[in-house]
1. Might you let me know whether region A:41-60 holds any residue that is near DNA strand D (Cβ under 9 Å from one of its atoms), away from every other protein chain (no Cβ under 14 Å) and not polar (S, T, N, Q)?
2. Go over the candidates A:L112, A:L64, A:L93 one by one and state the one that is touching a residue at least 12 places away in the same chain (Cβ under 8 Å) and either over 29 Å from A:A123 (Cα atoms) or within 13 Å of another protein chain (Cβ to nearest Cβ) (or both).
3. Given A:P99, A:P105, A:P87, which one is away from chain B (no Cβ under 14 Å) and of a type outside the set (D, E, K, R)?
4. Out of the residues in region B:7-27 that are free of Cβ contacts under 8 Å to residues at least 60 places away in the same chain and more than 15 Å from DNA strand D (Cβ to nearest atom), state the one that is surrounded by the fewest Cβ atoms within 10 Å (Cβ to Cβ).
5. So B:L32 fits all but one of (1) away from DNA strand C (no atom under 16 Å from the Cβ); (2) more than 14 Å from the chain's Cα centre (by Cα); (3) not in a loop (DSSP other than H, G, I, E, B); what number is the exception?
6. Tally up the residues in region A:9-29 that are part of a loop (DSSP other than H, G, I, E, B) and among the hydrophobic types (A, V, I, L, M, F, W, C), please.
7. Based on what the data block shows, is A:M1 away from DNA strand C (no atom under 13 Å from the Cβ) and either assigned by TED's automatic domain parsing to the domain that holds A:P87 or among the aliphatic types (A, V, I, L, M) (or both)?
8. Check off (1) modelled with pLDDT of 95 or more; (2) more than 11 Å from chain B (Cβ to nearest Cβ); (3) touching an Asp or Glu at 6+ places or on another chain (Cβ under 8 Å) for A:D146 and give me the number that stays unchecked.
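The values are calculated or read from the model by the stated rules, or taken from the named source; none is laboratory data. Not measured: the values here are computed from a predicted model. Here the Cβ positions follow ideal geometry from the backbone for every residue, glycine too, while neighbour counts run over all protein chains shown.
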There are 2 protein chains.
Amino acid sequence: MAAAWEVARDKGLAGLSLSDVAARVGMQVPSLYSYFASKNDIYDAMFAQGNDQFLQFIRDRAVLPRSARERLRAGFWVTFDFCTADPVRYQLLFQRTIPGFTPSPASYAKALEVLDLFRQGLASTGLVSEPADQDLLTALSIGLVDQQISNDPGGRRWASLVDDVADMAYDYLLKKRRRARARPSTRSRNKEAQ
Amino acid sequence: MAAAWEVARDKGLAGLSLSDVAARVGMQVPSLYSYFASKNDIYDAMFAQGNDQFLQFIRDRAVLPRSARERLRAGFWVTFDFCTADPVRYQLLFQRTIPGFTPSPASYAKALEVLDLFRQGLASTGLVSEPADQDLLTALSIGLVDQQISNDPGGRRWASLVDDVADMAYDYLLKKRRRARARPSTRSRNKEAQ
DNA sequence: GTCTATATTTGGATAGAC
DNA sequence: GTCTATCCAAATATAGAC
């Protein structure tokens, strides 16, 4: 697995080849088939491992800061740091870029586990009322990550904007919540309106 | 070129092959070398063409709406619509995902042309004072695009958030500008402070 | 589990006739 | 400009001995 990650970081995720992996572990190519049924099986194992690493990463940072504002900032930073730490891993987990590969149900379940953990964390801030709010936050996070990786790899150009964007989102969600409480019929219509 | 785009949309950008392109235009593979020096040369031509299309797309929409708020919204929509209309083109122009390919200086110049056109449009709103503001806006735009393409291809899940995010950015930049004018030493330090 | 040997396919690219 | 023929390299994958 470690060799596979190294090769992917070296030759690009799509450039992963069994020959390179075998060479890096000092084996012949056919020996790899004792461990993986196919090349896509390696991608799948990487996908699962990457999600496990993300889960661990989130839990390691789960100090749960005091205020909702700080908690939101922390959420942005967790995503940003994890993704930018390994662009290839980010590409495998969050972009759909490898021609033939689709994660197995078992591996995909891990991805859902990550999503759910995030959903919980966001809910604890009391800021996120509807699914669309979560979509908004993921878009903002991923946008920062994507620009950082694509246009300033290894730099800090978008890292310096993480706190600003988090606060911007905080203000937006807070204002939205206030508005919704002032006249509940507008945003959360139907249910309470009747 | 059209055949190349079709193949890329069909087999994935990284899955582009000369055999498929040749087959689609009813030629033999070696005949393609009368038009392109190599496979990467095809990618390069696609890169240039994609940027040309973006330039045309921007100009077609350049009605320049009245208020700054509307102008910002329009800018978000231009990016969103163009990118989501063709995910493969988006991948080629804005992600760095193909192992061996780097755009030629001539093609890259077109990409810079697009960037500059955007910079002009944003400057006309009077909202964007420093480069970091532009980085912020590109991050927000790309985030919406990326999530829409990766997690709801063909759908409208993040499309429905475009106006909200644009307005959120507008409010943020407006507030920031007001703050900067109230005490000019904080944000635009050095120059005016001395 | 690991190897050698091999099958099989496919890829990009060139030579040279027409 | 387009073709046939060919080259060469690399890829994934399997068979079967040790």
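1. Filtering region A:41-60 for residues near DNA strand D (Cβ under 9 Å from one of its atoms) gives A:41-42.
Cutting the leftovers down to away from every other protein chain (no Cβ under 14 Å) gives us A:41-42.
Still in the running and not polar (S, T, N, Q): A:41-42.
Checking region A:41-60: at least one residue is near DNA strand D (Cβ under 9 Å from one of its atoms), away from every other protein chain (no Cβ under 14 Å) and not polar (S, T, N, Q).
2. On the way: A:L112 fails: touching a residue at least 12 places away in the same chain (Cβ under 8 Å); A:L64 fails: either over 29 Å from A:A123 (Cα atoms) or within 13 Å of another protein chain (Cβ to nearest Cβ) (or both).
The conditions single out A:L93.
3. A:P105
4. Let us first name the residues in region B:7-27 that are free of Cβ contacts under 8 Å to residues at least 60 places away in the same chain, namely B:7, B:10-11, B:15-27.
Still in the running and more than 15 Å from DNA strand D (Cβ to nearest atom): B:7, B:10-11, B:16.
Details: B:V7: 23, B:D10: 12, B:K11: 15, B:L16: 23.
Taking the candidates together, the pick is B:D10.
5. (1)
6. 2
7. yes
8. Evaluating A:D146 over (1) modelled with pLDDT of 95 or more; (2) more than 11 Å from chain B (Cβ to nearest Cβ); (3) touching an Asp or Glu at 6+ places or on another chain (Cβ under 8 Å) leaves (2) as the failure.
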